[in-house]
1. Looking at segment 7-30, which of its residues are assigned to a loop (DSSP other than H, G, I, E, B) and either of a type in the set (Asp, Glu) or on the phi > 0 side of the Ramachandran plot (or both)?
2. Determine which member of the set Thr69, Thr78 is surrounded by fewer than 16 Cβ atoms within 10 Å (Cβ to Cβ), in contact with a Pro (Cβ under 8 Å, 6 or more places away or on another chain) and closer than 21 Å to Ile8 by Cβ.
3. Any residue in segment 82-99 that's under 13 Å from Asn121 (Cα atoms): show its pairings with residues that are β-branched (Val, Ile, Thr) and assigned to a helix (DSSP H, G or I) at Cβ separation under 8 Å, as long as the two are six or more apart or on different chains.
Amino acid sequence: MSMPHNPIGWIEIPVTNMERAIKFYEAVFDMKLERHQMGELDMAWFPMMNDKIGASGSLVKHEKWYKPTLDGPLVYFTAFSGDVNNELKKAEAAGGKVWIPKKQISPEIGYMAVFEDSEGNRIALHSR
């Protein structure tokens, strides 16, 4: 079966302190997040380009429904610098913890790394 698009449409990353999480992610990925209050949800959206392939997402705070975890699904961010080490260093400087340093997946797929964010989530990076 051929699909005209990627299967993932949106990612939500749980946070407990929205201000701290926004500061962390803006520092690591060198981008501005857009904060929105959506009823009981406090959200900070990552930039999204509707005409491009791939998914965007949001940081989300909700007292009952969203809890940061090191055990849940692993979200991979593209390292737009071209080298996961650049974003990994920024994550560490912003208070994150490196779990898996840069390592090659394969020559065809590229490199990956994993860190813990400011909220206690496991987050991965990928670069070619």
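Taken together, the values in this text are just the output of simple stated rules run on the coordinates, not laboratory data. All values reported here derive from a predicted model rather than from experimental measurement. Neighbour counts run over all protein chains shown; Cβ positions are idealised from the backbone, glycine included.
1. Of everything in segment 7-30, just one residue is assigned to a loop (DSSP other than H, G, I, E, B) and either of a type in the set (Asp, Glu) or on the phi > 0 side of the Ramachandran plot (or both), namely Asp30.
2. On inspection, the qualifying residue turns out to be Thr69.
3. Correct list of pairs: Ala91/Val28; Gly96/Val28.
Rundown of residues vs (1) on the phi < 0 side of the Ramachandran plot; (2) of a type in the set (Phe, Trp, Tyr); (3) within 11 Å of the chain's Cα centre (by Cα), yes/no style:
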{"site": "Met38", "(1), (2), (3)": "yes, no, no"}
{"site": "Phe46", "(1), (2), (3)": "yes, yes, yes"}
{"site": "Asp51", "(1), (2), (3)": "yes, no, no"}
{"site": "Lys61", "(1), (2), (3)": "yes, no, no"}
{"site": "Pro73", "(1), (2), (3)": "yes, no, no"}
{"site": "Val84", "(1), (2), (3)": "yes, no, no"}
{"site": "Val98", "(1), (2), (3)": "yes, no, no"}
{"site": "Ile105", "(1), (2), (3)": "yes, no, no"}
{"site": "Gly120", "(1), (2), (3)": "no, no, no"}
